[in-house]
Amino acid sequence: MLPRTQHVSETFNVKTLLNFSVSIIIALLIEALLVVFKISIHNYKDLPYASTLIAALAFLLLVFAVFIYLVRKSEKEPLDIRVDD
């Protein structure tokens, strides 16, 4: 049972998802940079793999930006809920 000070929200919590997504994206970007540095030191044959990883991360950032845009747009629009008796 939860203490009285904690409330459980029955709606979708966007802020938690955004924080989690940002931490995952930052970790993947750091990993991509490490892969590029490792490839530049050792062998340039593996460079297409690093560029594919960076392209996938760019696509992920694009999808994340669209998600944030849609969430902010939906928060600005008032809900039109009608109860018919």
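From the list 3, 48, 78, the one residue that fits, being over 13 Å from the mean Cα position of the chain (by Cα), modelled with pLDDT of 80 or more and either in a helix (DSSP H, G or I) or on the phi < 0 side of the Ramachandran plot (or both), is 48. Close Cβ contacts (under 6 Å, 6 or more residues apart or on different chains) running from residues in segment 61-76 that are closer than 14 Å to residue 13 by Cα to residues that are assigned to a helix (DSSP H, G or I) comprise 71/14. Among the residues of segment 36-53, the ones that are open to solvent by 100 Å² or more (accessible area, probe 1.4 Å) and β-branched (Val, Ile, Thr) come to 1 in all.
The values are calculated or read from the model by the stated rules, or taken from the named source; none is laboratory data. Here the structure is a predicted model, which is why all the values come from computation and not from measurement. FYI the Cβ positions are ideal-geometry reconstructions off the backbone, even for glycines, and counts take in every protein chain you see. The accessibility values were calculated without ligands, DNA or RNA, using every heavy atom of the protein model including side chains. Shrake-Rupley method; radii C 1.70, N 1.55, O 1.52, S 1.80 Å.
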